[in-house]
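Data first, discussion second: the structure below is written as structure tokens.
The values are calculated or read from the model by the stated rules, or taken from the named source; none is laboratory data. Since this is a predicted model, take the numbers as computed values, not measurements. Virtual Cβ from ideal backbone geometry, glycine too; neighbours counted across all protein chains shown.
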Amino acid sequence: MGVFTFVCRESADEWTAKQLSGELETSAGSTYELQRKLVQVALSSDSSGAVQSSFSYITPSSAVFQVVVGGASVDGNEERENLTLVARKPCFGLPTACPTCLPVYVYLRFAHLPLNLEFNLIHPDSDQIPFVESGNYVAYNNERGGVIWSLKEDGIVDLDSDVRGIPEWVSTKAMVESWLADAVMYELWVGSDGKSAYKIYYSDLPWPIGKILYLKQVRAVKQLLGITSENAERREEEIYRRSTSAYGALSSRLGEESFFFENRPTSLDAVVLGHVLFTLHALPETSLLRSKLLDHTNLVKFAESHKAEYIDANSSASVPESDPSTSASRRGPSQWSSKPKSKPKREKTEEEKKFRRRTKYFLVTQLVAVLVFLSLLGGSNDAEVELEDDDDALNYD
Amino acid sequence: MPASPDSYPHFGQPGKPIPNIPTPESDDPEDFVEIEEEEETDDFEEEEEPEPMIPDAQMHMDRTRMEALFQRLSSERVPVRVHDVIIKGNTKTKNSLIQSEVEDLLKKATTFQQLLRAAGHANARLQRLDIFESVNITLDTGPPELPGTANVIVEVSESTNPLTGDIGLFSKPKARSWSLEGSLKLKNLFGYGDLWDTSVAYGWGQASEVSAGFSVPKFKAFPTPLTARISLLSQDWLKFSSYKERAFGTSLGLVSSGNHNLSYDLSWRTLTDPSQMSSHTVRRQLGHGLLSALKYTFKIDRRDSPLRPTRGHAFVSTTQIGGLLPDFRSLRFIRQEFDLRYAVPLGFYRAALNVGISSGVVFPWGSGFLNTPSQLPERFFMGGNSSPVCTLGGPTSVLGFKARGLGPAETRRNAEENLNDESSDSSGMDFIGGDLAVTAFADFSFDLPLRMFREAGIHAHAFACTGSLTKLTENAHREFSFQKFRESFRSSAGFGIIVPTKLFRMEVNYCYILKQQEHDRGKTGVQFSFSSPL
């Protein structure tokens with residue numbers, strides 16, 4: 001917590017401010033700009049928590065401005081007044097590892113809003129999460145088109161005001177939110193062995209509950225993506241093909257810029273950043289989607305640089321560093337490794353089919369042989385028994 | 001013929017079996033008659049005696065002999081020993097089951113009187129198994145070479161139709177309310193006296209349960225009856241606390257004897273909020289949880305009637321410990337409830353003064369337990385219309401307040417479209433329950449002067465009750481003080497009429513709220529309240 005008191009003076013249409021007991025000082029053309037600059041200066045030297053400030057005139061040309069940083073969040077009730085994002089568990093070096101929660105987190109970080117991050121570990125099958133709450137206001141993800149849309153509608157934060165009318169922006173966003181979101185969902189639940197999904201969603205639930213919910217979710221995802229046992233391969237190809245073309249389009253759109261449109265962060269950047277970070281960090285190294293992404297180095301660089309600037313700089317101890325995979329990822333984009341196993345998988349399935357067919361023939365032959373043997377033996381047994389009876393009968397005579 | 005002093009031979013005489021308890025012609029003590037289930041008219045197996053007597057004279061002699069016998073049996077201590085217990089008539093039921101119910105009782109008897117009483121007890125026990133249509137216990141002479149012994153023949157006839165259906169009003173401790181229940185029972189499927197049943201229960205407005213269970217009174221070496229139940233329970237608290245609870249689990253009754261009852265619960269509990277209007281506390285608790293808890297109940301009820309106690313006392317203590325699995329992620333808490341009731345008769349008009357106090361506390365345990373909140377379904381909620389005199393289920397009822405209408409409340413989410421709400425009494429508050437609950441009441445009941453009412457069992461009462469619900473977890477106990485605790489008691493008083501019917505017990509009360517806090521839902525006025533007759 002820090003309290004910064006500044007004495008402000010006006011001379012020749014310019015306001016200057018100097019910290020009362022310290023070295024900070026700045027100047028600006030109006031009191032409004034001066035206050036904004038002073039808040040930024042105070043935050044840059046003590047960036048913990050909420051900000052309260054008050055400006056009061058002493059004479060028409062002098063004033064006192066006080067900034068209190070982080071002073072009001074000791075009481076639980078007051079803490080609830082700040083913006084709180086409830087998301088899923090952090091792991092793999094990400095502040096939250098769920099692919100739907102991460103874009104919302106990145107969006108709020110782009111907006112430079114002071115944010116509390118809380119986690120819900122016990123409701124993996126809820127579509128209300130992630131949600132943003134502040135006091136009695138709550139924006140759920142399953143209402144009105146999502147959290148980001150609700151925040152814009154309710155006037156809390158809107159980064160898209162300039163770009164919303166650009167048709168390219170709209171179609172790029174639609175492509176990302178449909179093709180890439182489907183690809184991640186497929187890869188997380190169906191395409192990989194499920195360890196990542198288990199770790200993110202079910203590692204805090206007791207084992208029987210976690211297992212049952214995981215199986216339910218896999219079935220739900222297959223239904224959602226329209227995957228059945230007949231068209232599984234065709235759908236997989238289609239999903240990967242679409243994600244490849246999406247990555248290509250994004251990569252050419254981005255070029256060497258740091259943002260997609262107008263050199264400013266928008267919700268499109270948040271969604272793409274969330275997707276790329278999730279694919280790079282949370283999916284296993286054998287993932288095909290991940291290897292496709294690594295082909296586009298500018299996307300990877302985009303993700304890494306923004307992660308360093310917006311996420312790592314602001315994160316506190318909420319990001320665990322105990323995963324061995326994170327240490328590998330910090331080496332830099334040039335050292336991403338990927339081991340796609342798609343081709344060997346296809347060959348194996350054909351071999352497996354041949355093997356299974358042969359096993360079936362073998363078993364059937366064995367069974368027939370056993371049956372023949374038993375029937376013959378049964379017949380010969382009867383013959384033997386009759387002989388014995390005759391013997392006995394002879395004995396009794 | 002007078003009874004000879006050495007009348008042992010009466011029991012050991014060959015060919016002269018002891019007759020069954022006779023028809024009430026003789027002026028003998030009552031207990032002789034009670035043993036028999038069915039009246040058997042002709043039990044006198046009279047062997048043809050080669051005595052050339054006139055039939056009239058023979059009958060007269062027999063009668064005097066019988067009278068003398070019963071005279072002896074009723075006045076003197078006639079020593080007798082049970083030699084053998086013969087069980088007849090059971091095709092499906094295992095011998096071991098019947099033997100275990102009756103043998104120890106019968107073998108302990110040393111005199112004839114004790115034997116008769118023991119036979120009566122044994123009959124009652126077999127009836128209580130609920131698997132026989134009729135039970136007959138016959139006392140017979142023992143083998144001729146052993147004088148002074150008797151054989152006991154237990155003849156049972158099993159129900160031909162093992163399937164029975166049932167509909168009734170029961171009070172369900174699990175759902176903490178009473179409910180209408182329909183059940184199908186299969187009795188004695190395997191011969192061990194086992195009872196299999198499935199039931200569907202619908203509770204008062206909020207709860208519904210589908211369950212199946214079985215119970216076996218005595219299985220091989222286990223000393224106490226075993227029960228197991230698997231159930232799917234769903235409760236709807238959207239109007240009161242903005243959540244819906246669904247629990248799927250099993251419960252095993254481990255020990256159930258006399259005053260003690262121990263059971264184990266394992267269930268998967270899910271809290272959801274389809275209305276999406278819940279308050280902060282409820283939002284944080286939505287999700288899945290595994291409940292694994294051991295529950296111990298100790299109960300003494302020495303009141304003369306559970307529905308209208310006029311004298312006696314009752315004490316119940318329930319302890320529940322959750323989180324016993326080695327898995328640290330199951331819900332961990334300790335819950336303790338006490339109930340104390342006392343009834344004092346006042347002499348006139350069958351009047352009685354009932355006083356009672358109930359209290360309960362729930363607290364989590366485990367690492368960081370001072371900061372973790374208690375589980376929402378395990379907390380105490382007060383309110384509702386059940387009568388505190390009859391229910392012994394913990395601190396739940398303060399008359400005059402609506403269901404869950406008392407205690408800590410939290411504002412719900414802001415609704416953007418705040419049109420006229422469907423539920424005008426929702427007032428946007430969720431009742432989130434408390435960790436420490438205390439209720440107390442005093443009830444003065446008396447008969448109405450009209451004889452018509454007295455015969456129907458309708459009586460009147462005047463009462464006063466008070467209750468308090470406070471939060472202790474999440475560091476709220478630091479701000480706890482006796483001053484605040486005393487101020488948190490709400491109270492109400494009133495009078496009313498109680499109408500007991502066969503299906504339920506109805507009360508019509510006029511309640512006046514003496515003290516309530518800001519968000520409580522107490523209403524002064526006339527109220528109806530129902531409770532189950534059990």
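Quick notes
- Number of positions in region B:510-527 that are of a type outside the set (Val, Ile, Thr) and part of a loop (DSSP other than H, G, I, E, B): 7
Rundown of residues vs (1) within 14 Å of another protein chain (Cβ to nearest Cβ); (2) surrounded by 15 or more Cβ atoms within 10 Å (Cβ to Cβ); (3) in contact with a Pro (Cβ under 6 Å, 6 or more places away or on another chain); (4) at pLDDT 90 or above, yes/no style:
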{"site": "A:Gly76", "(1), (2), (3), (4)": "yes, no, no, no"}
{"site": "A:Arg80", "(1), (2), (3), (4)": "yes, yes, no, no"}
{"site": "A:Val104", "(1), (2), (3), (4)": "no, yes, yes, yes"}
{"site": "A:Phe110", "(1), (2), (3), (4)": "no, yes, yes, no"}
{"site": "A:Leu115", "(1), (2), (3), (4)": "no, yes, no, no"}
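- Out of A:Glu230, A:Glu177, A:Glu143, sole residue that is of a type outside the set (Val, Ile, Thr) and assigned to a helix (DSSP H, G or I): A:Glu177
- Pairs, first under 10 Å from B:Pro225 (Cβ atoms) in region B:241-257, second in a loop (DSSP other than H, G, I, E, B) and not aromatic (Phe, Trp, Tyr), C-beta under 7 Å, six or more apart: B:Val255/B:Thr224; B:Ser256/B:Thr224; B:Ser256/B:Pro225; B:Ser257/B:Thr224
- Checked against (1) touching a Lys or Arg at 6+ places or on another chain (Cβ under 6 Å); (2) within 17 Å of B:Ser359 (Cα to Cα), B:Lys515 passes all but a single condition, namely (2).
- Residues of region B:235-293 satisfying the condition of being within 14 Å of another protein chain (Cβ to nearest Cβ), surrounded by 17 or more Cβ atoms within 10 Å (Cβ to Cβ) and assigned to a helix (DSSP H, G or I): B:His280, B:Thr281, B:Val282, B:Arg283, B:Gln285
- Exactly one residue out of A:Ala87, A:Ala111 is under 30 Å from A:Pro206 (Cβ atoms), small (Gly, Ala, Ser) and touching a residue at least 24 places away in the same chain (Cβ under 8 Å): that is A:Ala87.
- Hey, A:Val157 in contact with a Leu (Cβ under 7 Å, 6 or more places away or on another chain), more than 14 Å from chain B (Cβ to nearest Cβ) and surrounded by fewer than 20 Cβ atoms within 10 Å (Cβ to Cβ) or not: yes
- Meets criteria (more than 14 Å from every other protein chain (Cβ to nearest Cβ), crowded, with 18+ Cβ neighbours inside 10 Å, of a type in the set (Gly, Ala, Ser) and assigned to a strand (DSSP E or B)) for B:Ser358: yes
- For region A:186-216, filtered to residues that are among the hydroxyl-bearing types (Ser, Thr, Tyr) and either more than 14 Å from chain B (Cβ to nearest Cβ) or part of a helix (DSSP H, G or I) (or both), the residue that is surrounded by the fewest Cβ atoms within 10 Å (Cβ to Cβ) is A:Tyr198.
- For A:Thr244, the criteria (1) assigned to a helix (DSSP H, G or I); (2) within 18 Å of the chain's Cα centre (by Cα) hold in every case but one, which is (2).
- Whichever residue in region B:134-157 is among the charged types (D, E, K, R) and touching a strand residue (DSSP E or B) at 6+ places or on another chain (Cβ under 6 Å) and, among such residues, is modelled with the highest pLDDT: B:Glu155
- Conditions (1) part of a loop (DSSP other than H, G, I, E, B); (2) within 8 Å of another protein chain (Cβ to nearest Cβ): number failed by A:Glu133: (1)
- Within region B:320-349, considering residues that are of a type outside the set (Val, Ile, Thr), assigned to a strand (DSSP E or B) and farther than 18 Å from B:Leu392 by Cα, the one farthest from the other protein chains (Cβ to nearest Cβ): B:Pro345
- The residues in region B:265-295 that are of a type in the set (Val, Ile, Thr) and free of Cβ contacts under 8 Å to residues at least 60 places away in the same chain can be counted, and the count is 2.
- Among the residues of region B:398-411, those that are at negative phi, more than 14 Å from every other protein chain (Cβ to nearest Cβ), part of a loop (DSSP other than H, G, I, E, B) and modelled with pLDDT of 85 or more comprise B:Val398, B:Leu399, B:Lys402, B:Gly405.
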